[in-house]
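Since the structure comes first, as structure tokens, the remarks are kept for the end.
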Amino acid sequence: MVTRMHDDREQFAELQRDCSRRLQDDSTLQRLSMDTTWQADLSNYSYVWTWLGLPIIQMPTDILVMQEIIWAGRPQVVVETGVARGGSLIMYASILELIGEGRVIGVDIDIRPHNRAAIASHPLARRIDLIQGSSTDPGVVAQVRAAVAGAERVMVVLDSDHVHEHVLSELRAYGPMVTEGQFLVVADTVVEHLPVQEHRPRPWHPGNSPGSALDAYLAECDRFAPDEYINGKLVMTQSPGGYLRCVAR
Ligand SMILES: C[S@@+](CC[C@H](N)C(=O)[O-])C[C@H]1O[C@@H](n2cnc3c(N)ncnc32)[C@H](O)[C@@H]1O
């Protein structure tokens, strides 16, 4: 009975892996999805979602897959640079709450009082620590490094300033904190694939983006490999190729 259940789950997991490969290989779908992502971005599609009451500036597939990653990997600490209105921190904390252990550390250069208050008064606040400052400030990096010291499972999400130099500095500072088997997520790699976002002027653009920084980092560091299954199945995502598994100590 147990074996049959296990076999059935394995078969379904294999079906899921096959679906992911087919989605990834479907060039028509990939083109349509990039067109749809761009068209939706013109109306700020990623701004319209909340998680347990707080705005989470992500696309639905990215939110869903983060749930899968945290549930499967059971990180003891999730570090995220880029807090904004706090919804992503609350999302990670809610999964950790169900798991029964784990903390979230949020770093942001500008934690506005109303956002800090909304996070502090949330039922999941006790799982969250906030650090205000630039994520690449050596003092901030040292605080985060001290906070993750000794943890066996550490995951990192980079979602702050998306210009190349900043993201590359973050990768160099926070990449080493990720423990083997856990994920490093580089958000907004889609910038590399879209036209310049003139509807929402920002300093980042193709060639100066999280995607270009990630390429540079992967050329100098072999601890991470893009997770083919996760990246393959997202279809519509802010972070194509941005889900990396730590494959070495
Ligand atoms: C895209 S938002 C984060 C969205 C959030 N992770 C979510 O899913 O809801 C980017 C955030 O990065 C912050 N930020 C910009 N530059 C930064 C820096 N140098 N260090 C840390 N945070 C920074 C901004 O203040 C902003 O709140």
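Between the range 211-241 and the range 18-53, the alpha-carbon centres lie 16 Å apart.
When DSSP beta bridges are restricted to pairs lying wholly in the chain, around 35% turn out antiparallel. Backbone geometry of the range 144-154 corresponds, through the Karplus equation with coefficients 6.51, -1.76 and 1.60 at θ = phi - 60°, to 3J(HN,Hα) couplings of 5, 4, 5, 5, 9, 4, x, 6, 8, 10, 10 Hz, x marking Gly and Pro. Remark: SER169, SER209 ranked as SER169, SER209, counting other beta-carbon atoms within 10 Å and listing the fewest first.
Run the numbers for CYS19 and ASP7: contour at 0.36 nm per residue of separation, minus the present Cα-Cα distance, in nm. Mind showing how you got there, number by number?
On the way: separation 12, 0.36 × 12 = 4.32 nm, distance 1.83 nm.
Net length gain for the segment: 2.5 nm.
Regarding the chain, what is the average projected area of its C-alpha convex hull, in nm²? One quarter of the hull surface, i.e. the mean projection, equals 14.2 nm².
Positive contributions from Lys and Arg (+1) and negative ones from Asp and Glu (-1), summed over other residues with Cβ under 13 Å from the Cβ of HIS193, come out at -4. As a proxy for reagent exposure, ranking CYS221, CYS246 by other Cβ atoms within 10 Å from fewest up yields CYS221, CYS246. Amide H to amide H distances under 5 Å link ILE131 with GLY106, VAL107, ASP108, where only residues 5 or more positions off or on other chains count and H is placed in the peptide plane.
Tell me, MET5, MET66, MET34 in order of fewest to most beta-carbon neighbours within 10 Å?
Values: MET5 9, MET66 25, MET34 16.
Fewest-to-most ranking of MET5, MET66, MET34: MET5, MET34, MET66.
Summary value for the range 2-246: 20 percent relative contact order, contacts being C-alpha pairs under 8 angstrom separated by 6+ residues.
Backbone amide hydrogens, once placed in the peptide plane, bring GLN182 within less than 5 Å of CYS246, excluding anything fewer than 5 places away on its chain.
Every number here is computed from the coordinates shown, using simple stated rules; none is lab data. Nothing here was measured: the structure is a model prediction, and the numbers come from that model. Backbone-built Cβ (ideal geometry, glycine too); neighbour counts: all protein chains shown.
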